[in-house]
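Participant: Just dropping this structure here.
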Amino acid sequence: MNLLALALLSAGLDCWAPTVVQTASSLSAAERTGVAPLTHTLDRAEQLLRGNTHINALSGVRARLHRFIGHPASPGAPLMADASVWLHRREELWGPQCTLRSGADYTSHAMLSAHVNQLDALFGLLENPQEVTERGTFPPPVVTDSVQGHPIYAGRVLLLTREGVPPLVPVPGDSTRWRVNPALFAGSRRGEVRVIALSLVVNNDDDPQLPAMTQWLTGMDLRPWRALITP
């Protein structure tokens, strides 16, 4: 290995702490039929996140991946799931052998996530997220960029759906308001994947690593992520 390769390795991620895996204990027996296919989806999502060059290039950071499967996030939707990388740079909370000490997750400075069958990451960008539940419609989030034809909303969220199914549609007769496409979850089954929201959450917009973390969202190959969506 040459000196340049060694320098790049030394400047990258400190390590990956063991993954945290959770499934909602209150799922019914019928709902649990969807757990196995979603577990397979999260297995692949974890591989994509762990193998991402932009994440692994972050220096002075220890990462831990959290996985969760839970109840549907909205009426008519399949079970929801998350694969989320939590980043930790406070070394006093790093434990031995690539562990994290108690309380470390309360100090995570950023999260890079794949949210399955849920749009909360998008709704969190709205000035008034309550409009989604109160009115069912909302002003469209600002589009700041795009990746392979998919808009990035406010520099933080990108939505992937089945080919030809837009996740959001304008409200008829009101160009200032949008809503979730009724076709997005129509006829869905518990273990299906209808939408993946890739999102970046950063506690401090002045974070010096923000440009590098943004590269995870703007520079990724979306094809393997699209392959996780149920045809």
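Participant: Could you give the nm distance between label points at residue 176 and residue 205, where each point is 7 Å from its Cα heading toward the beta carbon?
Facilitator: 2.3 nm
Participant: Still on this structure: Give me the distance in nm between label points sitting 7 Å out from Cα along the Cα-to-Cβ direction at residue 131 and residue 54, one decimal.
Facilitator: Placing both labels 7 Å along Cα→Cβ, they lie 2.7 nm apart.
Participant: Continuing with the same structure: If one computes the Cα centroid of region 85-135 and of region 35-54, what distance in Å separates the two points?
Facilitator: 17 Å
Participant: May I ask you to derive the FRET efficiency for residue 150 and residue 14 from their Cβ-Cβ distance with R0 = 25 Å, giving the value to the nearest 0.05?
Facilitator: 0.20
Participant: If you roll a 1.4 Å probe over region 9-62 with all protein chains in place, what percent of the accessible area is carbon or sulfur?
Facilitator: 55 percent
Participant: For region 15-227, what is the percent of antiparallel DSSP beta bridges, rounded to the nearest 5?
Facilitator: Once the DSSP bridges in region 15-227 are tallied, antiparallel ones form about 85 percent.
Participant: Also, I was wondering about something else. Ignoring ligands, DNA and RNA, what percent of the 1.4 Å accessible area of region 92-231 is carbon and sulfur?
Facilitator: Here it works out to 52 percent.
Participant: Once the Cβ-Cβ distance between residue 223 and residue 24 is put in as r, and R0 is 45 Å, what FRET efficiency do you end up with, to the nearest 0.05?
Facilitator: That gives a FRET efficiency of 0.90.
Participant: Separate question: Hey, can you find the accessible area per residue of the chain for me, probe 1.4 Å, expressed in square angstrom?
Facilitator: That works out to 50 Å² for each residue.
Participant: Quick one: what are the phi-derived ³J(HN,Hα) couplings along region 44-51, Karplus 6.51/-1.76/1.60 with θ = phi - 60°, whole Hz, x for glycine and proline?
Facilitator: 6, 4, 5, 4, 5, 6, 5, x
Participant: Ranked highest first by average number of other Cβ atoms within 10 Å, how do 127-137, 187-197 line up?
Facilitator: Ranked from most to least packed, the peptides come out as 187-197, 127-137.
Participant: Pairs of Cα atoms under 8 Å, at least six residues apart: use those to get the relative contact order of the chain, whole percent.
Facilitator: 21 percent
Participant: Tell me the mean residue ellipticity at 222 nm calculated for the chain from its helices only (DSSP H runs of n ≥ 4, each -39500 (n - 2.57), averaged over every residue, nearest 500).
Facilitator: Value at 222 nm, helices only: -5500 deg cm²/dmol.
The values are calculated or read from the model by the stated rules, or taken from the named source; none is laboratory data. Keep in mind it's a predicted model, so treat the numbers as computed, not measured. Here Cβ is always computed from backbone atoms with ideal geometry, including for glycine, and neighbour counts include all displayed protein chains. Areas reflect the complete protein model, heavy atoms only, side chains present, ligands, DNA and RNA absent. Shrake-Rupley method; radii C 1.70, N 1.55, O 1.52, S 1.80 Å.
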